[in-house]
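A short write-up of the structure that comes next.
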Amino acid sequence: MYRAGVLLEKVPLIYTPVKRVAINIVVPINPSEAGHRIILTLVDDATSSAEAVSLQKNVLKITLEELQKAQKKQKHCFDWTARRREFFEGHTVLILQPTEWNKLLMQWKGPFDVW
């Protein structure tokens with residue numbers, strides 16, 4: 001389906017609650033009476049039910065540490081197969097860039113000469 005220059009795709013329907021959940025951390029906010037400045041929000045895609053939970057600072061610290069661990073693991077997995085490439089003057093190359101109509105779709109452009 002195509003409308004107003006945007007490709008629309010069918011999204012699979014989710015009938016099972018808690019099969020897919022959107023999680024966001026909202027920070028910083030004005031502190032509550034208890035001193036909470038962080039809110040964790042959860043939205044169930046199947047039922048559209050939402051929950052919001054206030055978090056303590058130590059939970060944010062743990063969350064950030066776990067995010068850093070996950071990023072390090074993802075970098076390791078990417079670097080495992082990545083190869084360093086060197087180009088010199090006179091080489092002909094192709095460039096992989098997003099398409100003009102959708103930044104998520106990639107397209108090879110070129111050839112271009114390295115100078």
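The table below lists the values:
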read-out: Every residue from the stretch 49-90 that is in contact (Cβ under 8 Å) with a residue 24 or more places away in the chain and of a type in the set (Val, Ile, Thr); value: THR63
read-out: Single residue of the stretch 35-84 satisfying the filter (under 22 Å from the mean Cα position of the chain (by Cα) and of a type in the set (S, T, N, Q)) that is surrounded by the most Cβ atoms within 10 Å (Cβ to Cβ); value: THR63
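Here, each number is a calculation from the coordinates, and none is a lab measurement. Quick caveat: nothing in here was measured; it's all calculated off a predicted structure. Positions of Cβ are backbone-derived with ideal geometry, glycine not excepted, and every protein chain shown enters the neighbour counts.
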